[in-house]
Amino acid sequence: MDIGPHSIQLIAPPSLYHAASAAAMGDHRDPAFPAAAGGCRLPKTSSVSVTESVTAVHDFKVTGYSLIEGLGIGRYVSSSTFTVGGVDWAVRFYPDGSTVTCLGNASAFLYYCGREKEVRTRFTLNLLGKDGKLSQVTNSYMKHTFSPASDNWGFIKFAEKSKLQSSPFLHNDCLTIRCLLTVVRESHTKDVEVNSVVVPPSNLHTDFENMLQDGEGSDVTFTVGGQEFRAHRCVLAFRSPVFKAELFGPMKENGTQCIKIDDMEPEVFEALLHFIYTDRLPDSCRDGKAAAMQHLLVAADRYGVDRLRLICERRLSETIDVETVATTLVLAEQHHCSQLRQACIGFVASPNMLGPVIESDGFKHLVESCPLIMKEILMADMLTSSAARTSSRSVWEGITGTHDFEVVGYSLMDGFGAGRHVCSGDFSVAGHDCYVAFYPDGLDQDSAGYASACLAYRGKERFVRAKYSLSLVARDGRASPLAGDTLRSHYFTPTSRSADVLKFVEKSKLSSSPSSSSYSCLDDDTLTIRCVVTVVTGPRVESVAPAKERGPRVTVPPPSLHEHLARMLRDGRGSEVAFRVGGRVLRAHRCVLAARSPVFDAELLGPMMETTAPCIEIHGVEPAAFEALLRFVYTDSWPLAGVDVAATVRLLSAADRYGLERLRLMCEEKLHEGIDVDNAADVLAMAELHHCSQLRDACVAFIASPSTLGPVLASSGFEDLIMATGASVTKEILHKVSESWSGPGNRNNSSKRK
């Protein structure tokens, strides 16, 4: 059902409904703000204008270049269409130029396949060499706004034909044009929450890279090709099963101060150690040269570092060419790299490749090393050559977006009236503007006893197909069972701009669910409706290269450094330090602690190190907090289950004590999310004690809000706050209160609430 002009989208903000009812009852508080309830939140009064972009790369391979020379001026070959920013594009290559003015030059253009709107872009077209390097001929970016009236733009003199014949960019009669395209989306405004705590990204790999480079706390040395490398036994053991056996197992080299590594180059061993400590390739390996990747693959296989081996497999599979495929296939056979093996066979068996490979320098080595594989190659080539094959596919695509719509002051909307609704702000999915409409008393008499909700469309496209779900967000952040989140489908058209209005949730269940329940949806009298929308586009028909020609893609698992370190902490193998905390003994590894905490570094490896104590006594920290701190040190992730304010306060104190800045900020963020009138004073006192400036500002703003000031002043912790912090905090709160109350009219004009 459509939302017609008779519908009332929003008569007045919920705060004004409350003010009107309060005035009728003789309550003369400032009408600009709602009355406080336990755990009131800070009003959202900030917004930001955002201009976003989508960037993608498309490689257009032109095969049989010699066959299209002489095609004629103005005639072109085109890539398949590709989608960037929800719009279809194609690259067109004119081997003899696009017009008579570019005589002796080839031209290349980006073509806009859309027909309905203007699209701002920034793009470049370059030739791509077989080594992955771009040409320096036309590497400058172009800016252009495409439209149906201006649907192509590019380089008239893309490349000189005479130079192209002898250039490294023409390989095996093929050239590749790389299009790097950025589509700039329209600017939009979105609300942001004030006083948020900013937590920096994980720095675990950086700390471990510094540990490797500094060598502090190292307890094993390797000699490789005359160079020495210091490392830490515990890290090596938990990242490599071979190192684990050599350093801690029955085959460990007792008493050996320096272990000699034969048959390996120093640069390769250095890259192996870098990956073990960081789960990343070093910068020296980023160019992906085949020889370097082959040597590193051998080292990874030798020491059982499986993820590194698979990364090397992928890099090698992406750079296979006639000169390297034979040696790469031998390597894959010898080291049981099944995915790389299939990629090599697929390359050799692809059309017109077997002959050049046979003539390559490495083919004789392949036949001598792996004679049985020739039968498999010939069978694959026979299948490829037996008949001309073409493939195509029909592609449906979906772009998904999520929008959370907060309905503040839900209890004030009881009796709002059937058919009357409030609307979320507009949100965009795949360039289509949508919003959520919420009917507190239902759509009509048929939905009596229910609140209703629907998804509506405000865009201009004639036909838009979307799949969507609407759900209520429970206090624990998950979908509440009180309202179904069934996936639905709808075609939006000019005559059908809203999906079916749902009997969304029974009002009696909504108001009667215990506030302490994890599936309760009312949090501080605020209801959050989550809308997940997928805009479906298609079908698009495109040609597909035969499977053998494409070759399989090597699958690489996600990084596992944090998992290995968590296992190291749980296992305790190789630990050389123990802490006694409140009667509990917790074991750890000096090098890890020192790399992650400047305080541990000084205590365990610096001048203050305790050399004789078998067990270090820790006072002033609870066992659970210290154990959580150790989990963070080893994993760089939030170490507590759920959000327990008291436990988080204790953890923050420990993080501050040991100089763990990121953990301290994570604690600030969790405490900021849980501020309410009962704990605001205590949290502010703690923030002042530990110099948590972001959390301190958030607490002051929360307490000074007219909707929360009274309850906080009456809380048990406020007097303790005054005693602990003195006049400075009190003065700042009073100054903030003065700002909040000085101009309610101006505040109403600038404040925006959902």
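Restricted to the stretch 49-64, and to residues that are surrounded by 14 or more Cβ atoms within 10 Å (Cβ to Cβ) and not small (Gly, Ala, Ser), which residue is farthest from the chain's Cα centre (by Cα)?
Residue satisfying both the conditions and the ranking: THR63.
What's the number of the only condition in (1) at pLDDT 85 or above; (2) outside any strand (DSSP E or B) that CYS40 fails to meet?
For CYS40, the exception is condition (1).
Test VAL501 against the criterion of being touching a helix residue (DSSP H, G or I) at 6+ places or on another chain (Cβ under 9 Å), over 29 Å from THR81 (Cβ atoms), aliphatic (A, V, I, L, M) and modelled with pLDDT under 75, and give yes or no.
Yes.
Checking the conditions here, which among LEU652, LEU660, LEU721 is touching a Leu at 6+ places or on another chain (Cβ under 9 Å), surrounded by 18 or more Cβ atoms within 10 Å (Cβ to Cβ), more than 30 Å from PRO559 (Cα to Cα) and in contact (Cβ under 8 Å) with a residue 40 or more places away in the chain?
LEU721
Restricting attention to the stretch 65-80, report how many residues are more than 40 Å from the chain's Cα centre (by Cα) and either of a type outside the set (Gly, Ala, Ser) or surrounded by fewer than 12 Cβ atoms within 10 Å (Cβ to Cβ) (or both).
Summing the residues that are more than 40 Å from the chain's Cα centre (by Cα) and either of a type outside the set (Gly, Ala, Ser) or surrounded by fewer than 12 Cβ atoms within 10 Å (Cβ to Cβ) (or both) in the stretch 65-80 gives 10.
Going by what's in this entry, would HIS171 be described as touching a residue at least 12 places away in the same chain (Cβ under 8 Å) and under 30 Å from ALA291 (Cβ atoms)?
Yes.
Take ALA628 and decide whether it is of a type in the set (Gly, Ala, Ser), more than 23 Å from GLU216 (Cα to Cα), within 27 Å of the chain's Cα centre (by Cα) and part of a helix (DSSP H, G or I).
yes
Take residues that are over 30 Å from TYR76 (Cβ atoms) and tell me which of the helices (runs of 4 or more DSSP H) falling wholly in the stretch 145-247 contain 1 or more.
204-214, 233-239
Quick check on my filter: what residues within the stretch 442-466 are surrounded by fewer than 18 Cβ atoms within 10 Å (Cβ to Cβ) and at positive phi?
The one that is surrounded by fewer than 18 Cβ atoms within 10 Å (Cβ to Cβ) and at positive phi: GLY449.
Name every residue in the stretch 519-567 that is at pLDDT 70 or above, of a type in the set (Asp, Glu) and part of a strand (DSSP E or B), in order of residue number.
ASP523
Residue-by-condition table, conditions (1) of a type in the set (A, V, I, L, M, F, W, C); (2) over 23 Å from HIS205 (Cβ atoms):
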{"residue": "GLU267", "(1), (2)": "no, no"}
{"residue": "LEU281", "(1), (2)": "yes, no"}
{"residue": "SER284", "(1), (2)": "no, no"}
{"residue": "LEU296", "(1), (2)": "yes, no"}
{"residue": "GLN342", "(1), (2)": "no, yes"}
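Can you confirm whether the stretch 640-649 contains a residue that is modelled with pLDDT under 95, surrounded by 17 or more Cβ atoms within 10 Å (Cβ to Cβ), hydroxyl-bearing (Ser, Thr, Tyr) and in a helix (DSSP H, G or I)?
So far as the stretch 640-649 goes, yes, one or more of its residues are modelled with pLDDT under 95, surrounded by 17 or more Cβ atoms within 10 Å (Cβ to Cβ), hydroxyl-bearing (Ser, Thr, Tyr) and in a helix (DSSP H, G or I).
Looking only at the stretch 327-345, filter to residues that are within 15 Å of MET374 (Cα to Cα) and in contact with an Asp or Glu (Cβ under 7 Å, 6 or more places away or on another chain); which one of those is modelled with the lowest pLDDT?
Taking the candidates together, the pick is ILE345.
Only residues that are acidic (Asp, Glu) and more than 40 Å from the chain's Cα centre (by Cα): list them for the stretch 81-117, please.
Of everything in the stretch 81-117, just one residue is acidic (Asp, Glu) and more than 40 Å from the chain's Cα centre (by Cα), namely ASP96.
Looking at (1) touching a Phe, Trp or Tyr at 6+ places or on another chain (Cβ under 9 Å); (2) at pLDDT 95 or above, find the lone condition where GLU627 falls short.
(1)
Can you pull out the residues in the stretch 407-440 that are at pLDDT 90 or above and of a type in the set (S, T, N, Q)?
SER424, the sole residue that qualifies.
Is there a residue being within 19 Å of PHE208 (Cα to Cα) and within 23 Å of the chain's Cα centre (by Cα) anywhere in the stretch 586-606?
Checked the stretch 586-606: no residue is within 19 Å of PHE208 (Cα to Cα) and within 23 Å of the chain's Cα centre (by Cα).
Right, ILE320: surrounded by 18 or more Cβ atoms within 10 Å (Cβ to Cβ), in the same structural domain as LEU372 (by TED's automatic domain parsing), out of contact with any strand residue (DSSP E or B) (no Cβ under 9 Å at 6 or more places or on another chain) and in a loop (DSSP other than H, G, I, E, B) or not?
For ILE320, the condition - surrounded by 18 or more Cβ atoms within 10 Å (Cβ to Cβ), in the same structural domain as LEU372 (by TED's automatic domain parsing), out of contact with any strand residue (DSSP E or B) (no Cβ under 9 Å at 6 or more places or on another chain) and in a loop (DSSP other than H, G, I, E, B) - is met.
Hey, can you tell me all the residues within the stretch 451-470 that are over 30 Å from the mean Cα position of the chain (by Cα) and not in a strand (DSSP E or B)?
LYS460, GLU461, ARG462, PHE463
The values are calculated or read from the model by the stated rules, or taken from the named source; none is laboratory data. Predicted, not measured: the structure shown is a model, and the values here were computed from it. Here Cβ is always computed from backbone atoms with ideal geometry, including for glycine, and neighbour counts include all displayed protein chains.
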